[in-house]
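Just below is one structure, and these are the notes that go with it.
The values are calculated or read from the model by the stated rules, or taken from the named source; none is laboratory data. Just so it is clear, the structure is predicted and the values come from calculations on it, not from any experiment. No Cβ is skipped: glycine too gets one built from the backbone with ideal geometry, and neighbour counts run over all protein chains shown. Surface areas here come from the heavy atoms of the whole protein model, side chains and all, with no ligands, DNA or RNA. Shrake-Rupley method; radii C 1.70, N 1.55, O 1.52, S 1.80 Å.
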Amino acid sequence: MDAYKLFQEYIQLQHQIDEYYHELAVRQKLSDSALLVLWTLTDLGEGCTQRDICLQFSLTKQTVHSSVRKLAKDGFLSLRPGPGREVRVYPTEAGQALIQEKIAPLKNAEEAASRRMGEEELAAMLRLTRKWFDLFREAAASIPKP
């Protein structure tokens with residue numbers, strides 16, 4: 001099989017993974033962005049900023065802002081001032097319960113799959129994906145910017 005066709009198969013698999021996470025969000029009755037906001041709070045800890053959330057999953061400021069505001073309106077998050085103009089995001093008691101009920105099982109499934117795959121295979125997957133991305137950026141560097 002030709003290298004580019006193999007790569008296309010890899011990209012197709014990435015899309016299937018993304019779609020599966022979407023299905024999991026729907027099963028949990030969460031929007032994709034709400035799932036990622038709550039997930040980030042478990043990864044980075046309480047008190048992270050909306051910018052931190054944007055960077056964690058490469059989300060737009062508008063997406064994160066809208067999701068955080070809705071979760072706060074629904075009583076799952078509280079927003080508190082930080083240094084300067086920063087606003088820190090904290091789960092409320094209801095938010096903590098939501099995270100335990102809906103996010104923790106997904107993270108546990110991810111962890112279980114990762115442990116079954118093993119460090120060596122995951123390290124190889126990561127190394128090869130980074131290598132491909134570096135090569136792609138190098139090849140695309142000559143594309144003119146608008």
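Scan the stretch 1-57 for residues that are over 20 Å from W132 (Cα atoms) and among the aromatic types (F, W, Y) and report the count.
Residues of the stretch 1-57 that are over 20 Å from W132 (Cα atoms), as a first pass: 19-56.
Add one more test, that the residue is among the aromatic types (F, W, Y), and what stays is 20-21, 39.
Residues meeting the conditions: 3.
Please go through the stretch 31-69 and give me each residue that is among the aliphatic types (A, V, I, L, M) and under 17 Å from L106 (Cα atoms), ordered by number. Talk me through it step by step, then tell me what you get.
Step one: filter the stretch 31-69 for residues among the aliphatic types (A, V, I, L, M), giving 34-38, 41, 44, 53, 55, 59, 64, 68.
Result: A34, L35, L36, V37, L38, L41, L44.
May I ask you to verify whether R69 is open to solvent by 40 Å² or more (accessible area, probe 1.4 Å) and at pLDDT below 95? Here the answer is no, as R69 does not meet what is asked.
Results for (1) closer than 13 Å to W39 by Cβ; (2) exposed (fewer than 11 other Cβ atoms within 10 Å of the Cβ); (3) in contact with a Leu (Cβ under 8 Å, 6 or more places away or on another chain), shown as yes or no for each residue.
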position	(1), (2), (3)
P83	no, yes, no
E86	no, no, no
Y90	no, no, yes
A94	no, no, no
A109	yes, no, no
M117	no, no, no
E121	no, no, no
L126	no, yes, no
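Among the residues of the stretch 102-130, what is the count of those that are in contact (Cβ under 8 Å) with a residue 24 or more places away in the chain and more than 19 Å from D18 (Cβ to Cβ)? Within the stretch 102-130, residues that are in contact (Cβ under 8 Å) with a residue 24 or more places away in the chain and more than 19 Å from D18 (Cβ to Cβ) number 1.
With a cut-off of at least 2 residues that are surrounded by fewer than 12 Cβ atoms within 10 Å (Cβ to Cβ) and modelled with pLDDT of 95 or more, name the helices (runs of 4 or more DSSP H) lying wholly within the stretch 1-65. Before the answer, list the steps.
Details: elements: 3-27, 32-44, 50-57.
So the answer is 3-27.
Looking across the stretch 137-146, the residues that are assigned to a helix (DSSP H, G or I) and either open to solvent by 100 Å² or more (accessible area, probe 1.4 Å) or in contact with a helix residue (DSSP H, G or I) (Cβ under 7 Å, 6 or more places away or on another chain) (or both) come down to R137, E138.
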